[in-house]
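The next block holds one structure in the form of structure tokens; read it before the comments.
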Amino acid sequence: MLSAAPPLRTALLVASVRPERLGSTVAAWAHERLDAHGGFEVDVVDLADVTLPAAHDGSGDTDAFRARLAAADAFVVVTPEYNHGYPGYLKIAIDSALAEWEGKPLAFVSYGGLAGGTRAVEQLRQVFAELQVVTVREAVAFPGVWDRFGPDGCLVDPARHEAAAKSMLDQLQWWGRTLRTARRADPAA
């Protein structure tokens with residue numbers, strides 16, 4: 001009998017740092033999906049709680065942030081779309097680490113206006129490709145996000161996004177296990 005694979009240590013990054021953001025609400029939904037799916041051990045990394053410089057000098061929370069990324073087997077980035085792009089502070093966070101991202105999979109949960117954050121995700125796919133991160137094809141997007149979540153923080157029409165979330169997490173889990181095995185077999189790659 002095969003033993004069950006250990007859970008994937010997954011960093012759930014909340015990308016928006018704006019005080020009036022919906023990022024915490026969307027991230028809570030994503031966290032619930034990760035827990036319900038099974039096989040993930042989640043570390044919520046809220047960038048609003050992290051002080052990062054724009055350089056690799058180790059100041060601020062850079063070392064602790066990089067350690068959390070290094071410990072992760074996979075990533076889920078919850079990002080809004082601001083002005084047809086992703087948040088500037090997310091770029092600082094991405095650039096505050098290098099090797100900690102490499103050889104790991106990443107999934108996106110995006111939100112915003114009509115495009116639901118998909119333009120931000122397309123730009124981020126290019127950035128993460130340069131860091132040798134495998135972005136999974138499936139993603140979850142919340143267009144018109146202000147109407148998607150009720151005042152209690154619950155999704156108004158959950159069935160609409162459940163299939164996309166399951167598909168995305170199935171892909172993240174497969175890539176996460178596959179790449180974790182590959183990194184262990186050849187850490188220098």
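Looking at the stretch 92-110, which of its residues are modelled with pLDDT of 95 or more and among the β-branched types (Val, Ile, Thr)? Matches in the stretch 92-110: Ile94, Val109. Taking the conditions (1) surrounded by 20 or more Cβ atoms within 10 Å (Cβ to Cβ); (2) closer than 22 Å to Gly39 by Cα; (3) over 14 Å from the mean Cα position of the chain (by Cα) in turn, Arg183 satisfies each one other than (1). The residue list Glu138, Glu81, Glu100 contains one member that is crowded, with 19+ Cβ neighbours inside 10 Å, touching a helix residue (DSSP H, G or I) at 6+ places or on another chain (Cβ under 6 Å) and among the acidic types (Asp, Glu), which is Glu81. The residues on offer are Asp170, Asp157, and the sole one that is more than 19 Å from Ala71 (Cβ to Cβ) and not in a helix (DSSP H, G or I) is Asp157.
Among all positions in the stretch 164-173, there is no residue which is of a type outside the set (D, E, K, R) and modelled with pLDDT under 90.
Return a yes/no flag: does the stretch 120-127 have any residue that is of a type in the set (Lys, Arg) and closer than 19 Å to Leu34 by Cβ.
no
Quick one: which of Ser110, Ser96 is under 13 Å from Ala30 (Cα atoms) and without any contact (Cβ under 8 Å) to a residue 60 or more places away in the chain? Give the derivation first.
On the way: Ser96 fails: under 13 Å from Ala30 (Cα atoms).
Going through Ser110, Ser96 in turn, just one is under 13 Å from Ala30 (Cα atoms) and without any contact (Cβ under 8 Å) to a residue 60 or more places away in the chain: Ser110.
Selection of the stretch 90-140 for residues being touching a Lys or Arg at 6+ places or on another chain (Cβ under 6 Å) and not in a loop (DSSP other than H, G, I, E, B) yields only Thr135. In this entry, Ala11 is excluded by the filter for residues that are in contact (Cβ under 8 Å) with a residue 24 or more places away in the chain and surrounded by fewer than 19 Cβ atoms within 10 Å (Cβ to Cβ).
If you filter the stretch 29-41 down to residues that are more than 18 Å from Ala139 (Cβ to Cβ) and in contact with a strand residue (DSSP E or B) (Cβ under 9 Å, 6 or more places away or on another chain), you find that the one that is surrounded by the fewest Cβ atoms within 10 Å (Cβ to Cβ) is Asp35.
The values are calculated or read from the model by the stated rules, or taken from the named source; none is laboratory data. All values derive from a computational prediction rather than experimental measurement. All Cβ positions, glycine included, derive from the backbone under ideal geometry; neighbour counts span all protein chains shown.
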